[in-house]
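Worksheet: the structure to be examined is printed underneath.
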Amino acid sequence: MRFATISTSSGPVAAVLLNDGRFLPVAAACEAAGVASRALRQGGMQAVIEGGAPALEELAVLVARANGGEASLSALTVADPKLMAPLPTPRKNVFCVGRNYAEHIAEGARAQNTTVAVTEVPVYFTKPCTAVIGPGATVPIFPHVSTQIDYEVELAIIIGTAGRDIPNERALDHVWGYTILNDVTARDVQRRHGGQYFKGKGLDGSCPMGPVIVTSDEVANPQALALRCLVNGEIRQNSTTAQMIFDIPTLIASLSEGLTLEPGDILATGTPSGVGYAMTPPNFLKDGDEVTCEIEGIGRLTNPVRTV
């Protein structure tokens, strides 16, 4: 199934995509159909994720009925909702991985005229919850803070089952779904603060996500997905998740060492080559640009860029 969080007059609501392209609000559908699941009736994406497989099984029945044209459910569907980030207010910072594509490491080394080695273990950092925005929302440029705003298309994992010290061979069992994330980065801020990631990657609006979460059962092989980033229609990044240095099971196993991952946790898995700062000359985002991140089987995440 494909889930989105839609904006309504009563606040963010979890909804599931139907075959005709309309969205079915989860809580309203459960109320209309008399489904008693607390996870589904709560109305938010976090609760749906926490509901696990039983919630998805109950919802699958409702989706089948709605796709079949059941009037009481069809009347609830929304044709063109305003989409928010699938998890608009994550309970934790977004976990991220740096230097996970060899060509991205190489282009960074060339741009900085230095040597950057592949690490023996994954490099982690986080983006704050205040950075998260949804499809169509504005990526802000704060010129008094940064003049070197860059893009990074990434596959993001949504954790569904809690765990600590998760074995590599069972790591994918903990994945609820996948979405698209743009790890917007202020390169000058990143370097100004000693090269560490958090400040330069933590500005407001620097974590666009969406448009949907695709449940893991619909992604046959997350290590074989094409991903691209376009700026004003020009392809800047064009790769595949097969090029990751550390694959998804390795990332989950490594991150969970002594650290409990919980339902709704988000893990961005790194970006391929083609970023703006490594171009000759560097080509950073500017006011009026439009950035589109695409991942095969998930969709397109588009955001305008504006100076504020």
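Tabulated data
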{"item": "Filter result (over 21 Å from Gln223 (Cβ atoms) and either among the polar types (S, T, N, Q) or surrounded by fewer than 22 Cβ atoms within 10 Å (Cβ to Cβ) (or both)) within the range 286-299", "result": "Lys286, Asp287, Gly288, Asp289, Glu290, Thr292"}
{"item": "All positions within the range 1-14 that are out of contact with any Lys or Arg (no Cβ under 9 Å at 6 or more places or on another chain) and under 19 Å from Leu301 (Cβ atoms)", "result": "Met1, Arg2, Phe3, Ala4, Thr5, Pro12, Ala14"}
{"item": "Close pairs from the range 51-62: first farther than 14 Å from Arg38 by Cα, partner assigned to a helix (DSSP H, G or I) and among the small types (Gly, Ala, Ser), Cβ under 7 Å, at least 6 apart", "result": "Leu62/Ala29; Leu62/Ala33"}
{"item": "Selection status of Pro86, in contact with a Gly (Cβ under 7 Å, 6 or more places away or on another chain) and within 20 Å of Tyr178 (Cβ to Cβ)", "result": "yes"}
{"item": "Count of the range 108-130 residues which are out of contact with any Phe, Trp or Tyr (no Cβ under 9 Å at 6 or more places or on another chain), over 26 Å from Glu257 (Cα atoms) and surrounded by 15 or more Cβ atoms within 10 Å (Cβ to Cβ)", "result": "0"}
{"item": "Flag for Ala4 being surrounded by 13 or more Cβ atoms within 10 Å (Cβ to Cβ) and under 21 Å from the mean Cα position of the chain (by Cα)", "result": "yes"}
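None of the figures in this text is laboratory data; all of them are computed from the coordinates on show. Model, not experiment: these values are computed from the prediction. Positions of Cβ are generated from backbone atoms using ideal geometry, with glycine treated the same way; all protein chains shown enter the neighbour counts.
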